[in-house]
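The values are calculated or read from the model by the stated rules, or taken from the named source; none is laboratory data. Worth saying up front: this structure is predicted, and the values here are computed from it rather than measured. Cβ placement follows ideal geometry from the backbone for every residue including glycine, while neighbour counts extend to all protein chains displayed.
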Amino acid sequence: MTRIVVALQNDYADWEPALLMAATRYWLGCEIVTASPDGKPVVSMGGLKVTPDISFDAIDAAQFDALVIPGGYAWEKGVAPDFTEMVSRFHKDGKVVAGICAAASALAATGVLNDIGHTGNRLESHQQYPEYTGSARYLDQPKAVSDGRVVTAAGSSPVTFTVEILKALNLWGPEAEMELAAFSAEHRG
């Protein structure tokens, strides 16, 4: 069974991981584990209170197939945790690492985006981190980007973020395509 850990923190953008979590758990039979910095409940930007399954310290890359980090206002407030060690472990082990919105910039801060194609809310958000040297590989586009088992997206792209994670996990197929087609219908011509 595919296991995905979603790293939540206070003020996370609840819409960004929601479709992925529902699609993988409900339609594809994956296990979704939620985590917070200290294992205590967190509250999303929309007021959704989540009691996580584990703390960040309990996340073992060997036990999961993917690490998903939603964005949110923790970065703007200057209270977001440093994901460098966690992201590095997952990436080194060949696991899928995914960041959307401000979390794509959090991935930039780890250096993991330097040599692969990637996107995010704005290039300038990535460039504020000294470890980031991947400007030449930044793709300014509205859809998520997947390269080297790393998925990035702007906060406005939760559907393609979900699709690219499913593809990276080899879960994309007719069933997933059929179920997710309805969520992107409004964006078609």
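Is the stretch 121-133 home to any residue that is in contact with a His (Cβ under 7 Å, 6 or more places away or on another chain), touching a residue at least 12 places away in the same chain (Cβ under 8 Å) and not basic (Lys, Arg)?
Residues of the stretch 121-133 in contact with a His (Cβ under 7 Å, 6 or more places away or on another chain): 132.
Now restrict to residues that are touching a residue at least 12 places away in the same chain (Cβ under 8 Å): 132.
Retained after the next criterion (residues that are not basic (Lys, Arg)): 132.
Yes - at least one qualifying residue is present in the stretch 121-133.
If a residue has to be out of contact with any strand residue (DSSP E or B) (no Cβ under 8 Å at 6 or more places or on another chain) and not β-branched (Val, Ile, Thr) to count, how many in the stretch 147-189 make the cut?
So in the stretch 147-189, the residues out of contact with any strand residue (DSSP E or B) (no Cβ under 8 Å at 6 or more places or on another chain) come out as 148, 156, 159, 162-163, 166, 170-189.
Now narrow it down to the ones that are not β-branched (Val, Ile, Thr): 148, 156, 166, 170-189.
The qualifying residues number 23.
Quick one: Pro142 ticks every box in (1) within 24 Å of Ala80 (Cα to Cα); (2) at pLDDT below 95 except a single one, so which number is it?
Going through the list (1) within 24 Å of Ala80 (Cα to Cα); (2) at pLDDT below 95, Pro142 breaks only (1).
Here are Leu8, Leu19: which of them is surrounded by 15 or more Cβ atoms within 10 Å (Cβ to Cβ), of a type outside the set (Val, Ile, Thr) and closer than 16 Å to Lys167 by Cα?
Numbers: Leu8 fails: closer than 16 Å to Lys167 by Cα.
Among Leu8, Leu19, only Leu19 is surrounded by 15 or more Cβ atoms within 10 Å (Cβ to Cβ), of a type outside the set (Val, Ile, Thr) and closer than 16 Å to Lys167 by Cα.
Counting only residues that are in contact with a Gly (Cβ under 7 Å, 6 or more places away or on another chain) and not in a loop (DSSP other than H, G, I, E, B), which one in the stretch 47-57 is farthest from Ser88 (Cα to Cα)?
As a first pass, look at the stretch 47-57 and keep what is in contact with a Gly (Cβ under 7 Å, 6 or more places away or on another chain): 52, 54-55.
If we keep only those that are not in a loop (DSSP other than H, G, I, E, B) too, we end up with 54-55.
Working: Ile54: 19, Ser55: 18 Å.
Among residues in the stretch 47-57 that are in contact with a Gly (Cβ under 7 Å, 6 or more places away or on another chain) and not in a loop (DSSP other than H, G, I, E, B), the one farthest from Ser88 (Cα to Cα) is Ile54.
From the residues in the stretch 56-105 that are surrounded by 21 or more Cβ atoms within 10 Å (Cβ to Cβ) and β-branched (Val, Ile, Thr), which one is farthest from Tyr129 (Cα to Cα)?
Ranking the candidates gives Val96 first.
Where in the stretch 62-147 are the strands (runs of 3 or more DSSP E), entirely inside, with at least 3 residues that are of a type in the set (A, V, I, L, M)? Please lay out each step first, then the result.
Working: elements: 66-69, 96-100, 145-147.
Output list reads 66-69, 96-100.
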